[in-house]
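Visitor: Dropping a structure here in C-alpha cells format, bear with me for questions.
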Amino acid sequence: MSDTKYVEKQIYKVQIDAPIDRVWSELVKTTAPRPFFWNGSWDTPEFTPGQPYRISANNGKMVPVIGRVIEMDPPNKLVTSFRLTNLPDPASTVTYTLVEKDGGTEFCLVTENILAGSKSEKSMAQGAQFIVENFKAFMETGKVTFGARMMLAMYGLMAPIAPKSMSAENWPYEKAE
C-alpha cells in the first residue's frame, strides 16, 4: 500500500459572457500564444485524445508544460495530463469543462492527482486561478487583466534567464506522460 498523498480535487469556476463555441475555440487555439496561459501555445502533432502536447513559450524555445490529451469532447470538455517541466513532480490531471449557462459559458478548470506538499501543488493552485481570471477577461475584453499584462511583461524580460531545464530540446513529445 502506498503512502503517497494527493491534494483533493480543486475546482476553479467562472462565468464568461461569451458563447460556448467561441470560448472553446479560444481554449484550444494552437496558432498563437495564449496570454491566459502565460503567452504559451499548445504544441501538438494532432490535438486529439492519446496525443502528446507541449505548452511552448518564448517563440518555441521553452517548454514549461508537457502532457498528453486524455479526453476531448468539443465544445464541452478537455482533459490532459499536466507536468511542469521545471519541477521533478509526477504528472497530474487538468480538466477544462464548458457549459452553456445564463446566456454565456460556465468555465471550470479542475486539477487532480497533484502530489500533496509538492512545489507543483502551490504552482498549479496559483496558475489555475491566473488562467480562470485571465481567460474570462480575455474572452470578454480581448485582453488579460492589467496585473497579468504586467506579469507577462516581466516574464518576457526574464525569458533569457529561464531555467535551462525548460529548454525545448529537453522536452520532445516522447517525454509526455
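Visitor: Might you report the magnitude of the Cβ-based charge dipole of segment 97-146 about its Cα centre, with Lys and Arg at +1 and Asp and Glu at -1, to the nearest 20 debye?
Guide: Value, rounded to 20: 260 debye.
Visitor: Under 1.5 on a/c is rounded, so check that first for segment 128-177, then, if it is not, pick prolate when a/b is larger than b/c and oblate when it is not; a ≥ b ≥ c are the square roots of the alpha carbon gyration tensor eigenvalues.
Guide: oblate
Visitor: Which of rounded, prolate, oblate describes segment 46-123, given a ≥ b ≥ c as roots of the alpha-carbon gyration tensor eigenvalues and a/c under 1.5 marking rounded, otherwise prolate only if a/b is larger than b/c?
Guide: Prolate.
Visitor: Given axes a ≥ b ≥ c from the Cα gyration tensor, I'd like to know whether segment 77-155 is rounded (a/c under 1.5), prolate (a/b larger than b/c) or oblate.
Guide: The shape class here is oblate.
Visitor: At what distance in nm do the modelled label points of Glu177 and Ala162 sit from each other, each positioned 7 Å from its Cα along Cα→Cβ?
Guide: 2.1
Visitor: If the only charges are +1 at each Lys and Arg Cβ and -1 at each Asp and Glu Cβ, what is the size of the charge dipole of segment 1-149 around the Cα centre, to the nearest 20 debye?
Guide: 500
Visitor: Stretched out fully, how many nm does the piece from Glu46 to Asp17 gain, at 0.36 nm a residue minus the Cα gap?
Guide: The Glu46-Asp17 span can extend by a further 7.5 nm.
Visitor: Here is a further query. Counting only protein heavy atoms and a 1.4 Å probe, tell me what percentage of the chain's accessible area is made up of carbon and sulfur.
Guide: 54
Visitor: Which one, Ser92, Ile55, Tyr6, is farthest towards the positive end of the dipole of the chain when Lys and Arg carry +1 and Asp and Glu -1 on their Cβ?
Guide: Sorting the options by dipole projection puts first Ile55.
Visitor: Scan segment 63-126 for chymotrypsin sites (Phe, Trp or Tyr not before Pro) in coil per DSSP, keeping those whose Cβ has at most 16 other Cβ atoms within 10 Å, and list them by number.
Guide: Listed in order of number, the matching sites amount to none.
Visitor: Now for a different question. Using the structure shown, list the pairs from Lys5/Lys175; Lys13/Lys136; Lys61/Lys164; Lys29/Lys164; Lys9/Lys119 with a Cα-Cα distance above 22 Å, or answer none.
Guide: Check vs 22 Å cut-off fails for Lys5/Lys175; Lys29/Lys164.
Visitor: Now for a separate question. If I model a spin label as a point 7 Å beyond the Cα along the Cα-Cβ vector, how far apart are those points for Lys119 and Asp3 in nm?
Guide: 2.3
Visitor: If R₀ is 30 angstrom, what is the calculated FRET efficiency for the pair Glu169 and Gln10, using the beta carbon separation as r and rounding to 0.05?
Guide: Given R0 = 30 Å and the Cβ-Cβ separation, E is 0.40.
Visitor: Here's a follow-up. Please calculate how many Å² of accessible area segment 123-174 carries per residue, with a 1.4 Å probe and no DNA, RNA or ligand atoms counted.
Guide: Dividing the accessible area of segment 123-174 by its residue count gives 59 Å².
Visitor: Mind putting a number on the dipole of segment 43-82 about its Cα centre? Charges go on the C-beta only, +1 for Lys and Arg and -1 for Asp and Glu, and I need it in Debye to the nearest 20.
Guide: 160
Visitor: Express in nm, to one decimal, how much length is gained between Glu100 and Arg149 on full extension, taking 0.36 nm for each residue of separation and deducting their alpha carbon distance.
Guide: Once the chain is fully extended between Glu100 and Arg149, it gains 14.8 nm.
Visitor: Right, next: Provide the per residue accessible area, probe 1.4 Å, for segment 8-65, rounded to a whole number of square angstrom.
Guide: 50
Visitor: Gaussian network model of the chain, Cα springs within a sub-10 Å range: biggest mean-square fluctuation belongs to which of Met72, Met150, Met62?
Guide: Most flexible of the set in this elastic network: Met150.
The values are calculated or read from the model by the stated rules, or taken from the named source; none is laboratory data. Quick caveat: nothing in here was measured; it's all calculated off a predicted structure. Cβ atoms come from the backbone with ideal geometry, glycine included; neighbour counts cover every protein chain shown. For accessibility, only protein heavy atoms count, side chains too; no ligands or nucleic acids. Shrake-Rupley method; radii C 1.70, N 1.55, O 1.52, S 1.80 Å.
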